[in-house]
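Read through the structure below, which is laid out as structure tokens, and then see the notes.
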Amino acid sequence: MSRRSRKRSREITIRVTDDELQKLHERKTDATLAGWMRNLGLGVTPVKQVDPELVRALGRIGSNLNQTTRHANINKELDRKVLAEITAIREVIADLVKKNLKDDD
């Protein structure tokens with residue numbers, strides 16, 4: 001029997017405080033609390049949803065890094081321009097990490 005053809009017919013009820021319910025909703029990584037709790041209980045590793053802006057920023061960083069690497073490979077040296085690009089890329093990555101760690105608090 002395929003997973004789609006099996007209807008969930010059993011119900012589990014738990015009691016939580018208002019504070020606990022709020023914390024569960026804040027931590028859930030699925031669209032629904034029930035789905036997240038089911039997956040968590042069945043051993044599915046929860047994955048935090050990724051911010052689309054973060055994905056775009058990482059794409060831009062990757063593109064800049066590829067251009068910088070290409071320049072260094074063609075010229076067979078790391079000049080001031082390449083070092084400046086690498087420094088800028090490191091700063092952007094540090095800012096993204098700092099921002100996303102702050103959002104987790």
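The values are calculated or read from the model by the stated rules, or taken from the named source; none is laboratory data. All values reported here derive from a predicted model rather than from experimental measurement. Glycine gets a Cβ as well: all are built from the backbone with ideal geometry, and neighbour counts include every protein chain shown.
Summary table
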{"item": "Residues (farther than 30 Å from Ala31 by Cβ and either loosely packed, with under 10 Cβ neighbours inside 10 Å or assigned by TED's automatic domain parsing to the domain that holds Glu26 (or both)) located in the stretch 43-86", "result": "Asn73, Ile74, Lys76, Glu77, Arg80"}
{"item": "Criterion violated by Val47 - all others in (1) assigned to a helix (DSSP H, G or I); (2) among the aliphatic types (A, V, I, L, M); (3) closer than 21 Å to Lys23 by Cβ satisfied", "result": "(1)"}
{"item": "Residue ID - modelled with the lowest pLDDT, chosen from residues in the stretch 19-44 that are among the charged types (D, E, K, R) and outside any helix (DSSP H, G or I)", "result": "Asp30"}
